[in-house]
Each structure stands twice: as structure tokens, then as C-alpha cells.
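What follows is one structure encoded as C-alpha cells, with my remarks underneath.
The values are calculated or read from the model by the stated rules, or taken from the named source; none is laboratory data. Small disclaimer: the values here were computed from a predicted structure and weren't measured. Here the Cβ positions follow ideal geometry from the backbone for every residue, glycine too, while neighbour counts run over all protein chains shown. For the accessible areas, the whole protein counts, side chains as well, though only heavy atoms, and no ligand, DNA or RNA atoms are used. Shrake-Rupley method; radii C 1.70, N 1.55, O 1.52, S 1.80 Å.
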Protein chains: 4
Amino acid sequence: MFFASDNGSGVPEAVLASLARANAGPTRGYGNDPLTVRVHDRVRAVFEAPQAAVHLVATGTAANALALACLCPPWAAVFAHADAHAIVDECGAPEFYTAGAKLVPVAGEHGRMTPEGLAGAIATTGRVGVHSVQPGAVSLTNATEAGTVYRPADVAALAAVARAAGLPLHMDGARFANALAAIGCSPAELTWKAGVDVLSLGGTKNGLMGVEAVVLFDPARSWEFELRRKRGGHLFSKHRFLAAQMEAWLDGDLWLDLARRSNAMAARLEAGLAGVPGARLVHPRQANAVFAAWPRAAHRRAQAAGAAYYLWPADQTLEGPDDEAVSARLVASWCTTAEEVDGFVDILRG
Amino acid sequence: MFFASDNGSGVPEAVLASLARANAGPTRGYGNDPLTVRVHDRVRAVFEAPQAAVHLVATGTAANALALACLCPPWAAVFAHADAHAIVDECGAPEFYTAGAKLVPVAGEHGRMTPEGLAGAIATTGRVGVHSVQPGAVSLTNATEAGTVYRPADVAALAAVARAAGLPLHMDGARFANALAAIGCSPAELTWKAGVDVLSLGGTKNGLMGVEAVVLFDPARSWEFELRRKRGGHLFSKHRFLAAQMEAWLDGDLWLDLARRSNAMAARLEAGLAGVPGARLVHPRQANAVFAAWPRAAHRRAQAAGAAYYLWPADQTLEGPDDEAVSARLVASWCTTAEEVDGFVDILRG
Amino acid sequence: MFFASDNGSGVPEAVLASLARANAGPTRGYGNDPLTVRVHDRVRAVFEAPQAAVHLVATGTAANALALACLCPPWAAVFAHADAHAIVDECGAPEFYTAGAKLVPVAGEHGRMTPEGLAGAIATTGRVGVHSVQPGAVSLTNATEAGTVYRPADVAALAAVARAAGLPLHMDGARFANALAAIGCSPAELTWKAGVDVLSLGGTKNGLMGVEAVVLFDPARSWEFELRRKRGGHLFSKHRFLAAQMEAWLDGDLWLDLARRSNAMAARLEAGLAGVPGARLVHPRQANAVFAAWPRAAHRRAQAAGAAYYLWPADQTLEGPDDEAVSARLVASWCTTAEEVDGFVDILRG
Amino acid sequence: MFFASDNGSGVPEAVLASLARANAGPTRGYGNDPLTVRVHDRVRAVFEAPQAAVHLVATGTAANALALACLCPPWAAVFAHADAHAIVDECGAPEFYTAGAKLVPVAGEHGRMTPEGLAGAIATTGRVGVHSVQPGAVSLTNATEAGTVYRPADVAALAAVARAAGLPLHMDGARFANALAAIGCSPAELTWKAGVDVLSLGGTKNGLMGVEAVVLFDPARSWEFELRRKRGGHLFSKHRFLAAQMEAWLDGDLWLDLARRSNAMAARLEAGLAGVPGARLVHPRQANAVFAAWPRAAHRRAQAAGAAYYLWPADQTLEGPDDEAVSARLVASWCTTAEEVDGFVDILRG
């Protein structure tokens, strides 16, 4: 009963097998090997973006911070939802990589910025000329930190606001596969066709050991990205071991299968919670995470049984009245099983 | 016949097997898993340093840059040999992570700083008070970029100079195992017992996919290191996959076996070159790299036969008189074979 | 009728005379001249802080950014009121000088943080361990950007919250003299006796050409400040010309006279506005700025007559109904005259 | 007898008078005042560069660091003479403002880079692709730190090397007026007509309290410069007091008169030294500084008489044999007198 995070899971056998295959013989380093070249091409094909620049890194924080650093100068304001990983969970990595940009939180229900909210935040910033940081970029997270998704039309609406202000649009896709699987559109439709300039395509939360692809749909800043990556210490010498993971992930659409699996388990959790007395959803469940509240007594039973998950927000405790609802985050991963979910729900039911 | 770099090699089966074992079941992320805790302890034990702080990262550049950033402020001068990786091959990563420190090259034969050379460089810097950057740290590379090693007494002599100037001592140990295997002393003797404050312990060039341990013998800056690592995007969520590699590497002293193997192949290259007409060593061969010069005609034969290695320095070419000696770097890795070496030498002999 | 800013004013004759006196003969540069030494001592005496380190710079932004950089690391959260100059008006200078800290806005009426608001903001930040920036420092502005003041007890209450969280307390005193003159306490009582660790003591808005003193009540970081100042390009070679201004300013308590003068003119504005139909204060008037709203028709008359001031907030316009109140900021300086004030009020009255 | 530095001098009466004139009445801040606008135009006229962007700052270090930050990215190598102020005397300001660029020292006799030396340094850097910092800009100092000058043809030759490598050319003109006065060409001929892209035009060492103009001959990066200046804390609110100084300086070519005066006093020093037994020039004397060596006994007499100057290099001492020559730097300023010079020479003669 592990619902603490989708990064608690391991990797499918196919990924291990791909690593073993890539292990044969010496090869050139730093991404100049044939496997890496092939995987870059593969990502371009998946996104129907033959001109895009693709670069692999090992962590989502690196992907986001490097992408933003390529999009805006040190005096930029970067607009993102107040809950965005780049604002809350990266210990200032975007500030570090951009040499001091300001992350401006944008409010919005269920983890999603609205076009109006974004436009308002942009209008407020930069109103005092040289005295103020200047609007620099927009970053949206899909699927969001609240387990919801932006559909292509939602992305396009935000992209229109960004474009009107002359700002590039970054998508933090740490859970891009989950969003894609939930929506059922094509990768291109959810990204560049909707106005996304740069995507952090996350593999780690969806079945890889630690691989993310940064896709620059406009390759103009590709060389800058490479220099920033090297300078950030993120250029792997044995680069083929990143590429091998991603190749297995894309092969036969494994990435989408894994995402569908975790989404389905989250849906099963949602359905099960519907039968738990006093339980209610906090955010609509759209991808692989369920944000819900239920009585404290049921929390106590679950935790006594060894269930792993976070109270959300984190400043809540299990001290207090039994029947008071306390909210939590439950994240399903590709290796979550129906048995785990059902067992967990049974315990909550009491 | 691959002698281009030791990072062109793959990993031993034991490493793959360890990854497969670590793949079982969900676990806590970000290094809070039992395997990571165990590996940290293991590194401490290997170095007889129970109080040391140990942190894993995936690249040598990250290890060096994060280590130096913990050791000195933005206005520091960092003294290192003119050929040091941190000066020549990291695209300014130390400058980036330290927020602008100045790397000061120190001359020295065969890739080694001398105590006198180091003392002179320190004396020259910082002589104009607030107008100048201030001496901040010393970084030495062992084994060096010239394939030589510092023995414990050499390290201690440099440490004495550093200590006299109030400077901490960092060791870039991207090839630490090779140095250790060459010298035959204990890890402690080559590091903290000789005055090293922080070690970048490299696994990647010696059989891992991408794992380095930063060992802070004084743990006072451990939390700072963790924050800098996160902020640099170098904290792996699925951290156990770094730990698993390093566990296999330390198990049964595999790391030293691998290093001995590559050192032995370099020695075999050295011996073979002795029989090549017109060949001579450029630097003494002490670890797993051979720097040698031999006639251009032999180079042409080797390259025609598909041998991979770099001319060194890189601004030389194969255009020119047949019998003129051109220097090159030959690096042996743990998977270099005696057949490769002998075949290569045979071709050089003509 | 100039109420746009207190930095629109010039300097008293005494300041020019002091510059002329300091102009005699060659002297050592970079602050090693006798005049600078004397002025440093003088500031220490004024603050009853014989151990404090005093350093002069030429702009308030430099004073704040350098002070904050000495107080906290790059991964810090700096808590300040949402309207603080350091957050709104410095184009990211604190982010630049700290190498990427995050400025966290704290809400609060009339430009003032409350202890509860500050405590809440601190509690919210840093709750996720290494993933989050870490609470680093508190910065309060006195007099505030809303023209109000913190009295010693207010400062002490915020300092207690900061201290409880282990955070140093910075005071942006761009208008410190105005606050001091308004309150009538001693400089020490409003600073270190109330828990302030570092003060940016502003001269520029109160009669100097461009001089601020940074006072580190604990001198431990004095040398670091000097290096950061030099590195930031803020160490004047002809330093005596900064010192000469500040000497004239402190002589005979000129600084307090100037502040009393501007405060009195703001009080006169406040009193005059009481007689303007439809006018009302937006913030309590406590120092040298008046934030008030009055009918648009009166604004139009004032601007037609050449009165200079800013609508506040800046996104308002004079387009719209005549009798609708529009808010503005009126700042009095040391050279504002009673005639200016009265003439302005007459125009508003119609 | 003050020859320690040209920044030990004060300012001519005309500068004080100009400050007094500028002191009348309130005005808009931050450079939006009529006087600043007028002075910008004036600089453009002096340089026959109607399209240039002109910005004032208060220190030479700020001028250089801001200029370089506008010219190159964080991963740049900046080529400058090994003695350049930006390398030796700015405590890492260029590294700070560029977010971590690497200053690469270029050797060259008498403080001057040669085209061959520059070309060699450029060729050496950036040879390893993404692993190395990338050639980013060239900075030359005129007059040099050795008191010599680059003539227009010298500048053009270096500019040709820079241009061939795609690098912009910065001129540190802390003593530009002295160079100009020495050569007798026009400001345009010594700058943009010879290939200079950005000039730091120094007023401080030549009669101002602290004013430098950064002239971007291509104004494309003007707005970036303004944002960097503000962010660096270098935008003066009472900007007219910088402009007032520079207006007086340019009026009636006062700047050139002052420079001619200091150059002439240096020439007089040179001539006087010719009559000192055992004295010899270390560098050709071309502007306002004399680098010479003379017997230690004469040094002792001079210092006993209160003469102020630096031994150069600084690691020499007056301990040692009487007749051994020790080298020193003697800098004449606009207020150096013939009496001072002659008196000093008399003492040296004994």
C-alpha cells in the first residue's frame, strides 16, 4: 500500500533489459553514441517535430531549471502556478540556473492557472520599467500538482496569453505521459500544436530510473542548452545508459501503457473512496493522483496497517477528533496493483 | 582497440545485477531508502571515517563543482593544476556553482602541482587586499590528467601548503581507484590522513553507469551540500539506483579489481610501446593512461585499423612527415583486453 | 509642486560645502582616507554601537542587496512586506547579490508586517526539507513603503519572531531618518536595541546626492561585506566624497532636521487634504509620505497646474467619472515648502 | 609628492560649480532629467556616434563588469591582458556580473596584447566543444596598466582578430582621456572606427568624483544594460549629479586638458628620472604613469620625505642593498604640479 509518490516505484523489466543490451562494447561518450542519436530521433518522431532539439538529463529539476534558463534572462519573472514544482519543490533551482530570476506564483483552482489569472499576474509585474523584473516566461505543469490536467484547448488559451505578452511557454511534463493518457490526444497536440515552446518530458515518475528529455521545439537555443547542461554537471559521459532507458520506454508505447496503468489505479482509488463514509475528493481526479479527505479515524487505521502516503497539505496532523476529515494525496504508479488499492480502501471503510 | 577514454566502457555484470535487485518494491525516495543509508555507511567504513558525510551524485563535474562550492565563497581563488578537469573540461561548472570563483592554474610537470608551485600561486593571488579575489581552496586531481599519481607524502606536502594558507583541500578522484591501486595504500592514507578535506570519489570512469560519491571528511557542511545538490538538480528521486551501483562496486573490492585491471592494461601498453621504433613516453605511466609519442606513420596505420584514441594535445594532426613523432593519450579501462592492447601494439610496430 | 518622490530633491548647501572642503589635496583612496574613518566613527557614535562595522555605498538598492547577501545563502527565503522596495523596485538586485535567494512577500496592512503574518510565512516556507528554500532572513522597511512607521516595540516583536526562527533581521532604512524623526526615539532604540542586525541607513532620499551607510551591528561579516561591495563595483576610489556628504548630514543633526522638515510638510499636506471635499487617507500618515484618495476632477486640476506625483497604485487613470476618488502618493522632501503644499491644496479644493 | 594613484586627486572647481548648478529645484530621477539627456547627447557628439547608447555609472569596476556582462554569456572566456584591471583588481566583478565567465589572461610586453598573442589564446580556448568555456569577448585597456597606449592601428589589429573569431571588443578606458591626449587622434578613431564595440569611458581617474560613461556603439543591448545596471544597484536616483560632473568635464574639452596636464607631469617625471643615477624605465612612458626602477637608497630618501607611490610589483621591499634597483609606479594626476615632480626628482638625485 504505497501511495507516497510515483517516484517510489522501480522500473519495468524492459528497462533493465535495455540497459543490459546497451552495455555491450565501448562507445563514444557524452551523447555522441548511436543509441542516443537514435533516441533523439525517436522523440522527434513521437512529437511529429522533426526540427526539435532533444536533450536527455537525469532529473526533473534539472530539466525544468535548464529549460527555463534557456528561455529567459536573469531579470525575468517566470509565471507558474503557486503549487508548481519549480516554485515549491526545487530549492531554488530555477533561480540558480537563471542567475536570479523571480518565480511569480499565479493562483488558480485545482492546480491550474486560468488565462485571466495569468494575464493579471503578467500585467502586475513589470509595470515600473527598469525598477522591476521583466515578464520572461510562463511555465505550466501537466498533469498538475493537484492531479488535474490541461487539455489542448486549455494549453492553447494560456499560450495565447503568453504569446500576447511576448513570453515563451514551458511545460513541466514530469507527468506528461499521465496527462496524455488521460486526455487521449497526440503528444504534438498537447505541446507545440497548442503553443508549447519547450517541454520537460518526464520519464522518472513513470517507470525510468532517472531520465527526462528536454524537447526544444524551436532548436535555436539547442547549443545554449548543451552548454548549460554541461556547466550544470548534467552531461552524462556514459550517455547511452540514459538513452537506453528512454528507448525501452518509447518502444511499443510502453510509456503510455505505464501511464494508463497508474491512471487506472488512481481511478480505482477514486471509485473505492466513493464508498468510504465521510470521504470526499479535494480536486477532480484526472490523472494518477487522488487528492481526497476522509475521517481521521480511517487515516489512523490506514497508517497502522502500513499504508504510505502524505497528508496534504503537510501541516495537518492525525491528532484530533476521529470524525474530522483530513486531506491527503494518494499517488498511483505503474506498479501499483488492484490488490493494493482494494486492500487500502477496505481498511478505510473499516 | 578503444583507448579514447575510460568512460567509453560499460559496467560489469555485478552492477547490472545490483540494479535488478534494487528494483524490487516501492521505497522512499531522495536517498531516504535503506540501500542508500547502507552504502553511505559502507563508504565511511572503506575510508575509516565514521564521521564523514557521504553524498552520491551522477557525474564527476557535479561532484567537483558542488564540493568546491561548499569549500569556498564566490570571491575565492581555487588553485588547481593547469590541466585540471575543473579548469579545462567542465565548461565553467565550478564558476557556476561557486557563483563566480576564479580558477587559478598552477603549473607543474606531468600533471602534478609541486608544493613550491602551489605556494607561489597562493602568494601571488590576494596580494592587493579587497581588490583581488581571495585564496579559497586547493583542488588536486589523483590520478592526474597526465596519468601520474600523487602518493600520500605528495598529498601531505600540498596539504601542508594549503593548511599554512588556511585553505581547504579538495581531491578530484575521478580516477581515485586507479591511483589507489597503483600506490597500494589505504583509502584513508591517500585522503584524510594526508590532509584531504573533501574527496570526489569517481565510479563512472571505473565501471559504473554514472555514480560518484562526495565524501566530506568534516561533515559540518553536509546539509549545505545537500541543499546545493538539490538546487543543482542533482538529487535523484530514485536514489537507490545510484546506491545499488556503488554497493556492487564496493562489494568484494570490485572497484579495486577493476582499477587494477585497467592499470595493468596501461602497463601492458607501456611495455608494448617500448618495442615500437621511435616511440617514447611523454609522462611517466603510473595509473591507467599512457601518454606517449610515436611516428606519424604508425598513427596512420593504427587509425586506419580503427583504433580509437586522441592525439594529445588536440591541436596536432596526422598531416606531416611520416617519421615525426606525434603524441597521444591512450586510456585503458576495466574492460580493455590484453588482445586489444597486443593487437594495437602490433599495428604500431608495423 | 513636486511630490513625485523625495529623491527628486537636491542637497542642502552644507553638503556642497562639505564636498568642497573634502576636495583639498590628494589622499588615499578606497576608504582609507581620514575623513572616511572619521565618518565611520561618527555613525557608530550616533548609534551607540562602538563595535559596529560601517560601510558607505551610493545607492539604496546596493545597500539592501549587499546587506541581504551577507545575511543569507543562495538557498534562502527572505521575508519582507509584499510592497518592500527589495521585492518590487530593485529589478531583482537581492536575487542577484544573494546568487538566487527567494524573496517571500508577507502581507500586512499599511505596509507593515505583523508578527503573526511573519510567523505564518516562515512556517509555510521550508516545510519540505531539502526540496524547499530555507528561511534565511527578515527584512523590514522603516519608514514603510506606505508611509507608516514601525516603532521600537513593533520592531522588537518582529525581531522576536525572526530570532525564534533563527533568522537575522535587516532594516531597509531608506527613510530611516523620517521614521526616527516621527517617533522621537534614539537611533539605537529603533535598531539594535530592538533586535536589528543590519541597517541600510539612507541618506539619498533625505538630502544627499547618493550616499547610504550599511551598519552591521555585529561586525563579524564586515570583511565579507567589503569583498561583496568591491565585487559589486560599489567601492568608490574617491571614497572621501561619499564620506564628506555623510559628515555634513550628521553634523549638528542636519539629517534629523531635514527629516523633520519633510515630515512636517507631509503633515501639512494631510491637514490640507482634510479640507478637500471627497478626500480621504488611504494609509495613516506617519512620516513624509501621504497616501490619499480624492475626486478625479481635483486630480485633473492639479495635473493641469503642473503638480508632479504618482497615482498609486499605478494602474489607475484619470479617465472616468469626475467625482470618483482616485488614490495617489504624495511625498514631501526636505526642500518641499509650505507654499508648495498650500498652493497644491488650494488647487485640489478648486 | 603624491604619485600613488590618479584616483587620489580631487576635482576641478568647474566640477563643483556644475554640481551646485544642478542642485537647483526638484527634478525627475533615475536619469529621466533634462541634464542627463543632454549629457548623453553630448557624449554621442564627442564620439561622432549619434546612434550609440550612453549610460553613466559611478565606478570603473561597475562600468567594466556591466559592459562585459552585456557582451557575453556565463560560459564565455573573456580575453584580456594578464595585468588588466578586470582580471587583477576587481575582486571577481566580471565573474559576478557575467554569472561566471572565465577571464583568460593574455601575455604581452608592456601591458599590451599583441594580435598574435590574442589569436593564440583564442585558439587554445574552446577547443574541446561543449566541455570548455567558449570564446566570448575581448577586453583591452587603453591606456594600459603599464602606462602604455594602443594607437588606432593597434586597436584595429586586435579588433580584426576578435572579429575573425566572432568576438565583440570592449575597451576599458579608465584612462581613455590620457591615451587620447597622448595620441592626438579623435575619440571615434580610437574606438568604433578602430572596431571597439563598447567603451568604458573613465572620468574618475581624470578629475571627477566618481563618474564613468559606458558607450555602446551598437545600441541593441542598451535596455539590457539598463536592467543590469539597476539590478546591480548602479542606477542613481539623483542621476543629475552624475550628469553634472560629466557635463563640466566635457565642456570646453576640460577632460582633454586634464589628461594633457597629467601626461605632461608624467613626461616631466620621466625626464627628471633620466638624471637620476642608476634609474631606468621599466615600460615606455606614454601616458600619465611612469614605471621605473632606481636604487634602493633613493627610494629610502623619497619615502622618508613623505613621497607616496607604490613599489611595483608589490612584492618588493626596501630591505636590501642600497644600490640595487627597485621598480615603482609613479602616477601623475591632473593636479600634480611641476614643483612636486621637481622636488621628488631632486630627492632621488640625493
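Side notes on the structure shown:
- FRET efficiency, C:LEU281 to C:ALA45 (Cβ-Cβ, R0 25 Å, nearest 0.05): 0.10
- Antiparallel bridge percentage (DSSP; both residues within chain C; nearest 5): 50
- Approximate spin-label separation A:ALA153-D:ALA264, in nm, with each point projected 7 Å along Cα-to-Cβ: 8.2
- Stokes-Einstein diffusion coefficient of chain B, Kirkwood radius over Cα pairs, 37 °C, 0.692 mPa s, in µm²/s: 158
- Average beta carbon contacts from partner chains per residue of A:72-85, 10 Å cutoff: 2
- Cβ-vector label at 7 Å, B:HIS110, separations to other copies in nm: 4.2, 7.0, 7.7
- From phi via Karplus (6.51, -1.76, 1.60), per-residue ³J(HN,Hα) for segment B:247-253 in Hz, x at Gly/Pro: 4, 4, 5, 7, 4, x, 6
- Greater than 24 Å apart at Cα, pairs in D:LYS193/D:LYS238; B:LYS230/C:LYS102; A:LYS205/B:LYS230; D:LYS102/D:LYS238; A:LYS205/A:LYS238: D:LYS193/D:LYS238; D:LYS102/D:LYS238
- Vicinal HN-Hα couplings computed from phi for segment B:291-305 (Karplus, 6.51 cos²θ - 1.76 cosθ + 1.60; Hz; Gly/Pro x): 10, 8, 10, 8, x, 4, 4, 5, 4, 4, 4, 5, 6, 4, 7
- Note on C:96-109: average number of Cβ atoms from other chains within 10 Å of each residue's Cβ is 4.
- Solvent-accessible surface (1.4 angstrom probe) belonging to B:SER132, in square angstrom, nearest 10: 10
- Counts of other chain beta carbons within 10 angstrom of each beta carbon in peptide B:234-245 average 5.
- Computing FRET efficiency as 1/(1 + (r/R0)^6) for C:ALA220 and A:ALA164, where r is the C-beta to C-beta distance and R0 is 35 Å, gives about 0.10.
- Annotation: amide H of A:TYR310 within the under-5 Å range of A:ARG329, sequence separation 5 or more or interchain, hydrogens built in the peptide plane.
- FRET efficiency for C:ALA82 and B:ASP251, using Cβ-Cβ distance with R0 set to 51 Å, rounded to 0.05: 0.40
- The dipole here belongs to the protein assembly as shown: it is taken about the Cα centre, uses +1 on the Cβ of Lys and Arg and -1 on the Cβ of Asp and Glu, and is about 0 debye.
- DSSP beta bridges confined to the protein assembly as shown are antiparallel in about 50 percent of cases.
- Centre-to-centre separation between the Cα atoms of segment C:257-294 and those of segment D:191-219: 44 Å.
- Normalising the average separation of contacting C-alpha pairs (under 8 angstrom, six or more residues apart) by the number of residues puts the relative contact order of segment A:12-254 at 29 percent.
- Shortest-first distances to equivalent copies, position B:PRO50, nm, label 7 Å out along Cβ: 4.9, 6.6, 8.2
- Remark on D:VAL104: its backbone amide H falls under 5 Å from those of D:VAL78, D:PHE79, D:ALA80, a criterion applied only to residues 5 or more positions apart or on other chains, H modelled at 1.01 Å from N.
- Identity and axial distance of the chain B residue whose Cβ lies nearest the axis relating B to D, Å: B:GLY100, 3
- Two-decimal Rg/Rh across the protein assembly as shown, once Rg and the Kirkwood Rh are taken from alpha-carbon atoms: 0.99
- Summary of packing: across the peptides C:146-158, B:191-203, B:310-322, the per-residue average of other C-beta atoms within 10 Å ranks them, highest first, as B:191-203, C:146-158, B:310-322.
- Taken one residue at a time, the phi angles of segment A:338-350 give Karplus couplings (6.51, -1.76, 1.60, θ = phi - 60°) of 4, 5, 4, 4, 5, x, 5, 5, 4, 5, 4, 5, x Hz. Gly and Pro are set to x.
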